[in-house]
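Quick one: this structure, given as structure tokens, is what I'll be asking you about.
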Amino acid sequence: MNAAVHSMLDTSPGRSHTIDGTAVYIEILQKGSGVIMISSEAPPITVVQPGDGQEGNLGTIGVAFKLWDRDTGGALSIVEHPFPVGALVPPHMHTREDEYSIVTEGQIGFRSGDREVVLGAGGYITKPRGELHTMWNAGQEPARMIEVISPAGFEHFFREMTDLTAAGAPQLPDVMALADRYGLLFDQPEWLPDLIARYHLNPPPGG
């Protein structure tokens, strides 16, 4: 064995090494009295610096794209949503993905089914598919949250929505056609007017 391989055996298994300028991931397995080495190119990583990522307008809130399906093998995607004061996301239901939200700034309200909560910075919530939910800015200052989408894919709905809003106020038939392609359902629940009144929110389009 050459010196590079000897050095690998002297280090912990499961670490990345460089051979002739190429990053190689080495896993060392013990089999009886011998050693088996399995090597492959180091797995790719994605780095998104603070403030980086494509941004756009969804109509009632904004979106900043952080991790796409291509970055995670389709396991999940991550976006951030800024909420201006008075912002309300139209009540909707996902049929293909679950969402996990982490509030990073301000106060954001969440309602999923009959359950309602307001979270400040550092609060987490799960939003399962198949249940109507909505989010809103529950305070008097701008708010922001991280959205984890599992499995990935729905971030492309956001991307296409930003294309619609960039061309002007989107037409309802265009929004509904887009939602249908992504398995997204909208509704106007009976509790929505009370929610809007309690938090002084801007009614959603068509509300």
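Read-outs: derived from the displayed coordinates by stated rules, not from any lab. None of the values given here were measured: they were computed from a predicted structure. Here the Cβ positions follow ideal geometry from the backbone for every residue, glycine too, while neighbour counts run over all protein chains shown.
Going by how many other Cβ atoms sit within 10 Å of their own, how do TRP68, TRP136 line up, fewest first? It would help to have the intermediate numbers written out before the result.
On the way: TRP68 20, TRP136 26.
By the 10 Å Cβ count, ascending: TRP68, TRP136.
Right, here's the next one. Using a ≥ b ≥ c from the Cα gyration tensor of segment 71-207 (square roots of the eigenvalues), is it rounded, prolate or oblate, where a/c under 1.5 gives rounded and otherwise the larger of a/b and b/c decides, a/b for prolate?
Numbers: a/c = 1.42, a/b = 1.13, b/c = 1.25.
Rounded is the answer for segment 71-207, as its axis ratio a/c remains below 1.5.
Cα gyration tensor of segment 100-166, axes a ≥ b ≥ c as square roots of the eigenvalues: rounded (a/c below 1.5), prolate (a/b > b/c) or oblate? Could you put the intermediate results ahead of the total?
Numbers: a/c = 1.78, a/b = 1.28, b/c = 1.40.
Oblate shape, in that a/c is at least 1.5 and b/c is the bigger or equal ratio.
What ranking, highest mean first, results for peptides 102-108, 55-61, 44-50, 118-124 when packing means the other Cβ atoms within 10 Å averaged over each residue? Numbers along the way, then the final one.
Numbers: 102-108: 20.3, 55-61: 17.3, 44-50: 7.9, 118-124: 14.0.
Answer by packing, highest mean first, reads 102-108, 55-61, 118-124, 44-50.
Apply the a/c threshold of 1.5 to the C-alpha gyration tensor of segment 137-191 and tell me whether it is rounded, prolate or oblate. Walk me through the intermediate numbers first.
Working: a/c = 1.35, a/b = 1.25, b/c = 1.08.
Judged from the Cα gyration tensor, segment 137-191 comes out rounded (a/c under 1.5).
Count the net charge of all other residues whose Cβ sits under 14 Å from the Cβ of GLY122, scoring Lys and Arg as +1 and Asp and Glu as -1. Don't jump to the answer; show the numbers that get you there.
Numbers: positive: ARG144; negative: GLU105.
Summing Lys/Arg as +1 and Asp/Glu as -1 gives 0.
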